[in-house]
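One structure is given below, encoded as structure tokens.
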Amino acid sequence: MLSGHPSWKRRLVLIAPPVVVVLLLFSGPWRRWMSSSVAAGGTISLLVETSRLNTERERERIEDNVERSLKVFQRYNPDVKVKWQLVPSDRMVQELDYRHRRGLGPDLLLITDTDLAALGKRGWIRPVSLDATERQDIRPDLVEALESDGQMLAVPELVFTRMACFDRQRMAAAPTSLDQLIDQAKAGKRFGFQSRFSELTWLYTSFGGELFPQGVASTNPSALLDFLRWLRLANLQPSIVFEISPQNLLHGFLAGRYQWVLCANRWLPSLQDGMSERLGLAALPQGPAGDPRAVVHMRLWAFGSQSNPRQQELALRLALFNINVVQQRTMAIDQATVLPVNPAIGLPFKAYPVLAVQYQQYKRGLVLTNQQFSDLYALDEQVQPLMDAVISGSKTPEAIAPRLHQVLQERLR
């Protein structure tokens, strides 16, 4: 079991030897940043998205991370000033609408991938062009997912997947299969799931289901029926609860109502603060078809549509600086729960087992395009009544499976 290892909680700062730094500064993309910094500078504005679930301590930690990152950037780019602020995710649209109506849209945003499509449809962000050398600092599958008409819709900063969180004080080990999960629930261990389809896609794939099947392939009716039958079986266990609200799930886990939950990466700092050594992390359990394919999420640098050419150049310079080898390795080791997007980085998986789990799930995970993310999350509203009907027992899986299959066929192509 790779979970619960205390070393993942360390907060380290990587300091590269001076000779290495000098060599990096005059090679590859670093040369561009150094030569660009000789030109006239300027001021850019940055909005950093936070979750409404973040605690005050977590917001302070985010502020510290941003400040540290900008301080390093400005050490090599003293001509660039960055005005920035944190914006809760549930206020981001309101904030951007206010700014854009006044012609004061931000030059740069640090957001999650689930928000990219909505901001693009409103015309608040713009694509950017990266040359071949700059693209080499990004994993090829991420480039492919974010590319549109030869341009990048955003520049990824970090990668992560959903994980299983469990209370090490009340659960010796997290279940490695769905059968084990049911057995532990029958023994009285309490499990919490989100009930939205977009948060259960990993479970669907563990029964052999496919999201966005290629070509003429279709969603697998048999896998879908097995998936719904398992949801019904799970909800018959008094110790397994399906929550519509992620906030209820997080608070329930912190309060001890659950011993195991499917948790979002953004929860981890708050969970670490609240649970310390009790917090265990593990891979998602296997299903009858094998390992689940978790959706891969990214934190993204998105570029504002109201920037002038100088601000556009400076915003791109900041984003590219943060995906160089030194900065990427520092961020990955410092946070210890996310993966770098730069493929040139080797990580110490033995010392950081949570990174090993993340990498394992990333390699077999689903990297979605911007449009696929939009389609998947838009699907929730339409299919939630069908999911609830099965989970609650008001309809049988056999009655709902054909209807859900039709919706998936129409919407996930």
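Quick notes on this structure:
- Pairs with Cβ under 7 Å, 6+ apart, first in segment 347-361 and surrounded by fewer than 19 Cβ atoms within 10 Å (Cβ to Cβ), second modelled with pLDDT under 90 and assigned to a helix (DSSP H, G or I): A351/S7
- The set of residues from segment 345-363 being among the charged types (D, E, K, R) and under 15 Å from the mean Cα position of the chain (by Cα) comprises just one member, K363.
- Test for Q327: is it in the same structural domain as H100 (by TED's automatic domain parsing), under 30 Å from R102 (Cβ atoms) and surrounded by fewer than 22 Cβ atoms within 10 Å (Cβ to Cβ): no
- Here the helices (runs of 4 or more DSSP H) wholly within segment 143-236 that include at least 3 residues being closer than 23 Å to M387 by Cα, among the hydroxyl-bearing types (S, T, Y) and not assigned by TED's automatic domain parsing to the domain that holds N324 are 201-205.
- Residue among S45, S27 that is hydroxyl-bearing (S, T, Y), more than 21 Å from the chain's Cα centre (by Cα) and modelled with pLDDT of 75 or more: S45
- Index of the failed condition, N342 passing every other in (1) within 17 Å of the chain's Cα centre (by Cα); (2) part of a loop (DSSP other than H, G, I, E, B); (3) at pLDDT below 95: (3)
- Considering V390, V338, the condition of being assigned by TED's automatic domain parsing to the domain that holds E210, touching a helix residue (DSSP H, G or I) at 6+ places or on another chain (Cβ under 8 Å), β-branched (V, I, T) and surrounded by 14 or more Cβ atoms within 10 Å (Cβ to Cβ) is satisfied by V390 alone.
- Scanning segment 256-305 for residues that are over 20 Å from V367 (Cβ atoms), in contact with a Lys or Arg (Cβ under 8 Å, 6 or more places away or on another chain) and of a type outside the set (G, A, S) yields R257, Y258, Q259, W260, C263, P269, Q272, D273, E277, R278, L279, F303.
- Residues considered: R257, R310, R266. Of these, the only one that is under 19 Å from the mean Cα position of the chain (by Cα) and either touching a residue at least 12 places away in the same chain (Cβ under 8 Å) or crowded, with 21+ Cβ neighbours inside 10 Å (or both) is R266.
- The conditions of being in contact with a strand residue (DSSP E or B) (Cβ under 9 Å, 6 or more places away or on another chain) and either closer than 25 Å to A118 by Cβ or surrounded by 17 or more Cβ atoms within 10 Å (Cβ to Cβ) (or both) are met by N322.
- As a summary of the residue check, S148 satisfies the conditions (1) in contact (Cβ under 8 Å) with a residue 60 or more places away in the chain; (2) of a type in the set (S, T, N, Q); (3) within 18 Å of Q312 (Cα to Cα) except for the one numbered (3).
- Comparison of D291, D273 shows that the only residue that is out of contact with any Leu (no Cβ under 9 Å at 6 or more places or on another chain) and either touching a residue at least 24 places away in the same chain (Cβ under 8 Å) or not hydroxyl-bearing (S, T, Y) (or both) is D273.
The values are calculated or read from the model by the stated rules, or taken from the named source; none is laboratory data. The model shown is predicted, which means the values in this text are computed figures rather than measured ones. Positions of Cβ are backbone-derived with ideal geometry, glycine not excepted, and every protein chain shown enters the neighbour counts.
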